[in-house]
Amino acid sequence: MHKPELLAPAGSKEALIAAIENGADAVYFGGPTLSARHDAALTPDELEWAIDYAHINKAKAYVTVNTLIKDPELEKAAEYLQFLCNAGADAVLVQDIGILRLLKDQLPQLPVHASTQMTIHNVEGVRYLEKMGVKRIVLARELSLNEIRRIKSQTNTEIEVFIHGALCFSYSGQCLFSSMIGDKSGNRGYCTQPCRRKYIIDGAKGHLLSPKDLNISEHIGHLIESGIDSFKIEGRLKHPEYVAGVVRIYRSLIDRYLENPADFHVSYNEQHILRQLFNRGFTQGYYFGNPGGNLMSRQQPHNQGTYLGQVVKYDWERKFAYIQIEQPLRIGDGIGTQGRGTGTTVRSMYINNQSVESTPACATVKIPMEKTVYRNETVFKTYDFRLMESLGIKDVMKRIPINMLFTAKHGEPAALCITDGENEVVQTGDIPQRAKGTQISEDSIIQQLKKLGNTIFEPENIKVNLEADIFIPISQLNTLRRTAVKRLEKERTKNWKRICSKPGIIFDSREMQNKPLQPLLSVNTCSLETFKAAVDGGADVVYFGEENLTGDLLTIEDYRYAIEYGKEKGVEVYLATPRIAKKLEGFDSFPDHTGFLIANMGVLHSLLDSGKKSLVIDYPLNVFNRLAMAHYLEHCLKRVTLSPELTLDEIKQIAPHGMVECIVHGFFPVMVSEHDLLGELFPDDKIHGALLEDVKGFTFQVKTDGDGRTYIMNSRELCMLDHIPELIEAGVSCLRIEAKMYDRKTTGKLTELYRKAIDNRTNGHCGGESTSGHYFKGVL
């Protein structure tokens, strides 16, 4: 039976050791830059050590380079990739298509894994990346096991999925929420976790966007049987004890299933430990169908621990809580009630007014608690001191046993032979002197050879062949030992070290010669009324179609009518394709000359395969630099829409070198979720739109599309009417109005305003409630 890889997170040196000590087949970690967990990074000095430590212990080392990269960062990124290639990383995880292309063309010896940030969720998307040489793809977490099986059976790339840990509300790679509210981009490793905050929708209150944690332990056999190549544990921000405990349990579960599938089960103790280590409540995610409301943890966005008991009473004057507990409790444990911030560490406790260090289950315990708790309130154990102590790292490094043989004979150079059972080195020194007094003893030699310090080795057996009347200086023994050990370290690592050249970041210095004298005006619509308003208002290009947020489903006849209407008016019409499309169908029913706006890689692959050329890349594909732009334009596409997280100055570096489009007006999604938020909160109301309000009073429109997916829009309307000449001067080829949230009248008016501003190269005027987005403030 196929044995999957168990892949563990390593947000620190200690976590990496914990993962490998407890049975991980591979670890993933990031450096101080270009990693999607900026706050969980190894230092530059630790990176090569981590790769070596993993390999020495027969594990693989994957390094995360999974952020979007700006043009000025490309040179350093190239140096970093060269370093990782030379250091022997087994693979790098990548989100940026430009970096992926760079690796394919110039560092083919460094394997590439496509990050879940690339939002790959269909067979065609996998095939597109297969052609680019990607070895493994981390699929979107919103896929069912049947959908994963389908992808696995129809492609040749390794497939990696998450099995445990935190979930995002939004599809990974499609979330702009963090950057839009705080200038810290989740696409660049600085997510501020807006999904864990409190919100209100039509009277519904709580942590409305906070999912439970994934736990697939009881169904690990189904995943093994599906042929998935790698099982990934989330948690680079978690402490080493968490990594140790979760890895240990999943190691045992995988091995147990492979040994005897018919008798497989997860014990109560294993379930309890997984809950105790960290949980917001557990979910199986989308593996066995859409979980609906069971996906969410709306009352508790943080660790809720395990059930401890209930409050019997609270002494307001002395600040004591009397708790009837149902599991043992010890000094050092953490307790708290759900969602109220009442957590405390138990420093003292009493049974019948007698101080105790620990308690049995089923007892009434008096515990000092400064924050008030109430009678019958449920109490959870959020930290188990003894469990964490048992999972702690006892030794900072697992050491490799070696055998040493030291030989010293008259007239021959002294020699030290070291072997680890697989590799052997012999280091020779000076010819030993004849002893003038007391000769050196075997015990003295052994004591010096034992001094391996902070190396990865420990002596298992030391032999000494020593002729009589020989004297060897201690300094020579130390030099022999140090030199031999360094040679053995090098011998052990040579199988994975490489000699790689630095990739060249080369751009065509010539500006585009075939650019129009002034930019085109495009409008993105999703109803026939707004489509016609955009055409009649003076748009050069109108997009029409998917992600219909008006509640009205479009028909094939609607699309064909729009194409003919635009043709009669001399306006280019492109059919907008969905950013999420688990099955692709229907594109062949349109003529070859039909244009398409493309929002996911699977659609791009399908259309290119069918020979269609009139294509525009949409912003969900996250084009952040010239390398990414150049990659897409090599397909002879019309244009590439740049990420809305770029500043105007950053756009100026990219736009002169290709046909680029920028969104300049409207509302667009900052989150796209498979979860039907409104349908689950208000199942009887059948509403498709509402306002989400945060604790600061900002409101975000929430829309549900025809497939039940949730779209959360930016809170303030983007407007760049005040800066049209600057956009033209920057070299932008096409300015876009996102009109999917507008009615016919507003769409027509805005189209006319931008048409006039572009034609006259003058500024219009934005309203006071609008925003210029990231054009002048940028993101981290």
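Between MET713, ALA730, LEU47, the Cα set farthest toward the positive side of the dipole of the chain (charges on each charged residue's Cβ, about the Cα centre) is that of LEU47.
Shown for the chain: cysteine residues without a partner Cβ closer than 4.7 Å, namely CYS168, CYS175, CYS191, CYS195, CYS362, CYS417, CYS526, CYS636, CYS662, CYS734. Here's the picture: charge each Lys and Arg Cβ at +1 and each Asp and Glu Cβ at -1 in the chain, and of ASN269, VAL161, GLY206 the one pushed furthest to the positive end of that dipole is ASN269. Ligands, DNA and RNA left out, the accessible area of the range 538-664 computed with a 1.4 Å probe is 48% carbon and sulfur. What fraction of the DSSP beta bridges in the range 575-715 is antiparallel, stated in percent and rounded to the nearest 5? Antiparallel bridges: around 55 percent, rounded to the nearest 5. At the listed q of 0.10 Å⁻¹, the Debye profile of the range 357-484, built from one uniform point per Cα, gives log10 I(q)/I(0) equal to -0.51.
Return a whole-number percent for the relative contact order of the chain, with Cα pairs under 8 Å and 6 or more residues apart as the contact set. Kindly include the intermediate steps, with their values, before the conclusion.
On the way: 1706 pairs, mean separation 103.3, N = 780.
RCO, the chain: 13 percent.
Per-residue ellipticity at 222 nm for the chain, helices alone: DSSP H runs ≥ 4 residues times -39500 (n - 2.57), over residue total, nearest 500 deg cm²/dmol? About -8500 deg cm²/dmol.
Placing +1 on the Cβ of every Lys and Arg and -1 on the Cβ of every Asp and Glu, with no other charges, gives the range 389-450 a dipole of roughly 240 debye about its Cα centre. Using Cβ point charges alone (K and R +1, D and E -1), the dipole size of the chain about the Cα centre works out to roughly 1320 debye. Using the Cα coordinates of the range 132-264, the gyration tensor eigenvalues translate into equivalent-ellipsoid semi-axes of 30, 19, 15 Å, sorted from longest to shortest. Here each label is just a point 7 Å from Cα along the line to Cβ, and for GLU389 and GLU726 those points are 6.1 nm apart. What shape does the range 304-375 have by the C-alpha gyration tensor, where a ≥ b ≥ c are the square roots of the eigenvalues, rounded means a/c under 1.5, and otherwise prolate means a/b greater than b/c and oblate the rest? Cα axes put the range 304-375 in the rounded bin. If you roll a 1.4 Å probe over the range 327-472 with all protein chains in place, what percent of the accessible area is carbon or sulfur? After summing per-atom areas, the C and S share lands at 45 percent. Computed over protein heavy atoms with a 1.4 Å probe, the carbon and sulfur contribution to the accessible area of the range 138-201 reaches 44%.
Can you work out D for the range 177-331 in µm² s⁻¹ from Stokes-Einstein, where Rh is the Kirkwood radius over C-alpha pairs, the temperature is 20 °C and the viscosity is 1.002 mPa s? Let's see the in-between values first.
Values: Rh = 18.7 Å.
Translational diffusion coefficient: 115 µm²/s.
Based on alpha carbons, the Rg and Dmax found for the range 64-205 are 16.8, 57 Å.
Averaged over all directions, how much area does the convex hull of the C-alpha atoms of the range 418-475 cover when projected, in nm²?
Numbers: hull surface 19.0 nm².
Convex hull of Cα atoms, orientation-averaged projection: 4.7 nm².
With all pairs of separate Cα atoms included, the range 457-501 yields a Kirkwood hydrodynamic radius of 13.5 Å. Principal axis analysis of the Cα atoms in the range 506-665 yields extents of 46, 35, 27 Å, listed in decreasing size. The calculated pair-distance distribution of the chain uses every alpha carbon pair, bins of 20 angstrom beginning at 0, and gives 15, 41, 29, 13, 3, 0 percent. Be a star and scan the range 429-464 for residues whose amide nitrogen sits under 13 Å from the point 7 Å along the Cα-to-Cβ vector of ARG487. Only 429-430 fall inside the zone, counting backbone N under 13 Å. Peptides 137-145, 196-204, 742-750 ranked from most to least packed give 137-145, 742-750, 196-204, packing being the mean of other C-beta atoms within 10 angstrom over each peptide's residues.
Rounded to two decimals, what ratio of Rg to Rh does the range 1-120 give with C-alpha atoms and a Kirkwood Rh?
Numbers: Rg = 13.8 Å, Rh = 14.4 Å.
Checking Rg against Rh, the ratio lands at 0.96.
Sequence-distant contacts, meaning Cα pairs under 8 Å at least 6 residues apart, place the relative contact order of the range 50-182 at 19 percent. Membrane-span-like helices in the chain (whole DSSP H runs, Cα extent of at least 27 Å along the helix axis, mean Kyte-Doolittle hydropathy of at least 1.0): none found.
What pairs from LYS3/LYS58; LYS198/LYS740; LYS135/LYS490; LYS652/LYS777 go past 18 Å between their alpha carbons?
Details: LYS3/LYS58 16 Å; LYS198/LYS740 27 Å; LYS135/LYS490 28 Å; LYS652/LYS777 15 Å.
Pairs exceeding the cut-off: LYS198/LYS740; LYS135/LYS490.
Counted residue by residue at 0.36 nm each, then reduced by the alpha carbon distance between them, the extension gain from TYR561 to LYS451 reaches 31.3 nm.
Write down the percent of antiparallel bridges among all DSSP beta bridges whose residues are both part of the chain, to the nearest 5. Mind showing how you got there, number by number?
Numbers: 61 of 130 bridges.
Among the beta bridges of the chain, antiparallel pairing accounts for roughly 45 percent.
Could you report the chain's accessible area per residue, 1.4 Å probe, as an integer in Å²? Each step should come with its number before you reach the end.
Numbers: 32440 Å² over 780 residues.
Per residue, the chain has 42 Å² of solvent-accessible surface.
Sequence-distant contacts, meaning Cα pairs under 8 Å at least 6 residues apart, place the relative contact order of the range 1-68 at 33 percent.
Charge dipole (Cα centre; +1 on Lys/Arg Cβ, -1 on Asp/Glu Cβ; no other charges) of the range 71-171 amounts to roughly 440 debye. Projected label points at ASP255 and GLN433, each 7 Å from Cα along the beta carbon direction, are separated by 5.4 nanometres. From most to least packed by mean Cβ count within 10 Å, the peptides 288-300, 527-539 give 527-539, 288-300.
The values are calculated or read from the model by the stated rules, or taken from the named source; none is laboratory data. In this text, all values refer to a predicted model and were calculated from it rather than measured experimentally. Please note: Cβ atoms are built from the backbone with ideal geometry, for glycine as well, and neighbour counts cover all protein chains shown. In case anyone asks, the SASA skips ligands and DNA or RNA and just uses the protein heavy atoms, side chains included. Shrake-Rupley method; radii C 1.70, N 1.55, O 1.52, S 1.80 Å.
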